[in-house]
1. Please enumerate the residues belonging to the range A:10-25 that are in a strand (DSSP E or B) and either out of contact with any helix residue (DSSP H, G or I) (no Cβ under 6 Å at 6 or more places or on another chain) or surrounded by fewer than 12 Cβ atoms within 10 Å (Cβ to Cβ) (or both).
2. Given the conditions (1) over 33 Å from the mean Cα position of the chain (by Cα); (2) outside any helix (DSSP H, G or I); (3) surrounded by 12 or more Cβ atoms within 10 Å (Cβ to Cβ), which single one is not true for B:PRO796?
3. Under the condition of being in a loop (DSSP other than H, G, I, E, B) and not β-branched (Val, Ile, Thr), which residue from the range A:56-70 is nearest to B:ASN42 (Cα to Cα)?
4. Please work out if B:ARG275 is in contact (Cβ under 8 Å) with a residue 60 or more places away in the chain and farther than 29 Å from B:ASN317 by Cα.
5. Checking A:VAL73 against (1) modelled with pLDDT of 90 or more; (2) surrounded by fewer than 19 Cβ atoms within 10 Å (Cβ to Cβ); (3) assigned to a helix (DSSP H, G or I): exactly one of these is not met. Which one?
6. Residues of the range A:204-252 being under 11 Å from the mean Cα position of the chain (by Cα), within 14 Å of chain B (Cβ to nearest Cβ) and charged (D, E, K, R), which ones?
7. What's the number of the only condition in (1) surrounded by 16 or more Cβ atoms within 10 Å (Cβ to Cβ); (2) within 14 Å of chain B (Cβ to nearest Cβ) that A:HIS36 fails to meet?
8. Could you tell me whether B:LYS411 is surrounded by fewer than 14 Cβ atoms within 10 Å (Cβ to Cβ) and farther than 26 Å from B:ARG498 by Cα?
Amino acid sequence: MDSPNVELLSALATLLQNGKYSDLTIVCGMKRYSVHRALVCSRSEFFDGACRNSFKESETGVIDLTEDDAEAVEHMVHYFYHLDYLNKPLSRRSSQRSSRPTSPTTSRLPTRRRTKKLNLLMVEDPLLATMAAASAARDPMTPPDEQPNHYLESIDSAKFPDTPMEQEFEEDPFETAQAEPESNVEKPYLVTHAKVYAIAEKYGISGLKSLARKKFAHQIELHFSSSELPEACQEAYETTVDSDRGLRDVIIQTFRAHPELSLRKDVELAVRETPSLAFELFRMASGLPVFS
Amino acid sequence: MIAGRGRQRIRPPRRGLHGDEIDFENTWSTIASAFREIHTKNASRLSYEELYRHAYKVVLKKKGEELYKRVCDFEHEWLSSEVRSAIQALFSPNLSAGTQSLGGTTANERRVAGEKFFKGLKQAWGDHQICMSMLADVLMYMDRVYCHDHRRPSIYTAAMVLFRDDILHAPTSDVDGKEVLRLLNHVILDQIQMERDGDVIDKHLIKSCVHMLDSLYQDEDEAEDQRLYNTSFEAAYLETSREFYRQEADFLLRDSDAGAYCRHTRRRLYEEEERCRSTLLDVTQPKIQQVVEDELIKNRIHELVEMESGVRFMIDNDRLDELNLIYDLNSRVDDKKAELMRAIQKRIVELGTDINNAAIAASQAPVSAPMPLEAGDKVKAQMPEKSLNQQTVAAIRWVEDVLQLKDKFDKIWEVSFQQDQPLQTALTRSFADFINSPAFPRSSEYISLFIDENMKKGIKGKTEMEVDAVLEKAIILLRYVQDKDLFERYYKKHLCRRLLMNKSISNDVEKAMISKMKIELGNNFTLKLESMFKDMTISEELTSGFKKHVEGLGDKDPKRIELAINVLTSMTWPLETMGSGDDAEGSRPRCIYPTAIERIKRGFEKYYNEKHSGRQLTWLGNMGSADIKAVFPKVPQKDGSFKERRHDLNVSTYGMVILLLFNDLPADQHLTFEEIQAQTNIPKTDLIRNLQSLAVAPKTRILIKDPMSKDVKSTDRFFFNEGFIGRFVKIKVGVVSSGNKVESDRERRETEKKNDDSRGFCIEAAVVRIMKQRKELSHQALIIETLNQLVGQFKPEVNMIKKKIESLIEREYLERVEGVKIDSYRYLA
């Protein structure tokens, strides 16, 4: 795994960790991230705008994002340097929430089947498919600690050479490989992904946006019965504009696949509070196009 | 703070999507005051993140449209109050003075006012750009979401449009209400005019204003060619420039010479190019170049070329630089350089015609001066040496003049025309035109004569290189000649004389010439010429062989006559042109030779027949010459001496035959013309000519004619001139027309007739060759193929080809193909 990609990725990780050459600080509440303009501004128009104009930020070199969700900010910064988030224990603070899969083998098979389904879902929307394809290009940089998984996958593929998912695996190995580690049976993180999606949209980080969407779609399939679902739906519908179909389509799709959701009390409450969600569900139920 | 959030059920009450009006107004007032700060350059106190967040939230709450509108209104307000007044403060009457008043303001005042105006605009534009890019960054989310979804122009673009409408399209405070944009155009044009007039202007300043125009568009589409620069300024610029250069061209054509005009035009072109680079935009460069080229060159090139100091003047005075300028200018507007080419060709033909006319005049001058009434032939007889020499001189003069002309134009072509290929073709064509001009049919003959003269005299004492140069010149001219067959005819005739009369200085040079012609005109052309040389070599061998043979006979005769003989193949040598033209071929009367001569003649015939049986020898007495030792008796001389005189006489063969008659005659006896003719059977014209040189020409009057007159009549009597006085021991009795001279008109007609006859054969041969190969061919195709086949030899007239085809049909070589639309012929085997 000593590939050039890994070399770059680990170099970036080190840069974030020790803040060397940092020329910009992102502040969020009590947290300070020493980041690099070259890396950050080239990924996000917002940061670029902050640094190139003669506002306070460019004079002080500090961007205060306290108004944003702290968790989302952390994931965003992490993404800038690791091209991923929530893929391994985060900092000490968030480790209590993120737990690693107890045994890779137990989760493997079901996960894969679902992966295939999800990918089909993506194909329904060409825009999303292209976004997924764009993000797939970065996926080779999966960190080295996934090595055992790769090994096991190859055993699996030897077992089921003719299944459609196998073909999929061959066509797009990185997508599957990347979906693998983040599968988390215990914690849905639905709200987290929705927030990351929102912050990516707010600051115009398209790669992070599609990544968050993918993770969200993956998790909602696993955890549609989770109690997080209503809040995640509200979050998704309120942090982006109606024309942003990324999470909306995933949510509507979930409601369609699982009509029983509408019967849940907490879901009902959320639908009541979120008119645009309610409207889209109504359109769906009436057999109309959800969004035109 | 975040811990446990995932499971949190108690959340702050969510705000609905409606009922945020107060919220929006508050947010907007925050944003608006921040924008004001930005416009007043106090942005460093503002938090970008905060502004961005406000705008983001507004858009998220579906207030994008409202926000967009407010921003536009804000900018409109700002521009039309703050900025416009700043700009208006810059207006001064001096600005637009150029168009309105005739005097009052100097160019300098106008320039200063203009620069102030530029600076103000530049400043306003620069500020607007910077502020708007900051605003656009703050409103990035609105651009990305609202503008994108609703297909609105980005806020930056919208603000640029506002600048255009609120500033550039704002009326000036002037009475005429001209808008700022037009004033700006006017001032820029005014300054450019100042620069054209020689002033120094601030190019950078203008350029920044030009850039502003370049980044604004005429309408909302933002099509590439709808930039304000293109639609507003450039059009006006091109129009005023066109007018300016039109007037300038008028002025220059009137007041300066062509060379100065060219130099000026070149400078203007360079200036405009430079201006586009430094002051305006590069995109204008080809357009303004087009304008300058149109006005100063294209529309004027004819006048320019025809100016008194135009191309003709430049050619005549070797103004190579100026010709180069004209060439350069003309090639800018016309790939073919038609005007220049026309003028050059015209001049070449003019100069060539002058040379032709001079040659004709020179060859006729002596003829017409002393004896205006005499006709051609008689003139020739009476003023033989002088007039003919004059003609030859004219021929050589002609060749040299033509060569000089060619040198001149070659140099012009090389130095001034950058060795332009089409122009070279044109030059060649023009030379061919006047050389082959129907008004001047003598070029072939003159070129051949030029070679003849050089072979006989010209190359004496020259180095090999120089000789080669002379030959090369002849070849150059030969290239222009269309009727190569006519040239061949003359060349053969002249070569024939040179060879038979031993006039050539160097056989090697002759051969070098032949091989040059071989390269230039092909093997066919020189075949006959080469066999003439072969005949000469064989003849030399025969002569010496015969001499040995006679010696071997043992019949030692002290009075034996030595014979040098040239045996000429009859088809190869142009014998009919050798002065016996009066007689039809084949019916030449046999000359009666004196016995001594007759004997040796028989001897040779016998000797020759032993070597080559079956060949017939025809003796051409009219072409030979004889050396005679003559003894004149002792008679009292004018100087009182009284002694025998011996002379070596070189006479023609006929002359010898005539003189030998007097050997047998008593001193006081005479022979009449008729007696001489009867005894010798020499053709009458030859006899007259020989008797003229023996009895009339003052220096070689070996016979006395009675009565004494210039003309020889059949009743004349001839005596031996015992009292002949010759100053030299050796005397050459020249016979008229023994050298290569220019032909008389009558001779020319004959030559041309013969040439036409032989052309007829060539055409027939070509037609038969083609038809034999193709079996069937349309009329048109046959004519074209025939022309193609013969192009190396001459250019046949189509009429002649038609006649020859008719004649071939009559003789059943061809037949017409019946029942076809196009006239066609079939070959009959």
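1. A:THR25
2. Tallying (1) over 33 Å from the mean Cα position of the chain (by Cα); (2) outside any helix (DSSP H, G or I); (3) surrounded by 12 or more Cβ atoms within 10 Å (Cβ to Cβ), B:PRO796 fails exactly one: (1).
3. Among those that are in a loop (DSSP other than H, G, I, E, B) and not β-branched (Val, Ile, Thr), it is A:GLY61.
4. yes
5. The single condition A:VAL73 does not satisfy is (2).
6. The one that is under 11 Å from the mean Cα position of the chain (by Cα), within 14 Å of chain B (Cβ to nearest Cβ) and charged (D, E, K, R): A:LYS209.
7. Status for A:HIS36: all satisfied but (2).
8. yes
The values are calculated or read from the model by the stated rules, or taken from the named source; none is laboratory data. Please read all numbers here as calculations on a predicted model, not as lab measurements. Here Cβ is always computed from backbone atoms with ideal geometry, including for glycine, and neighbour counts include all displayed protein chains.
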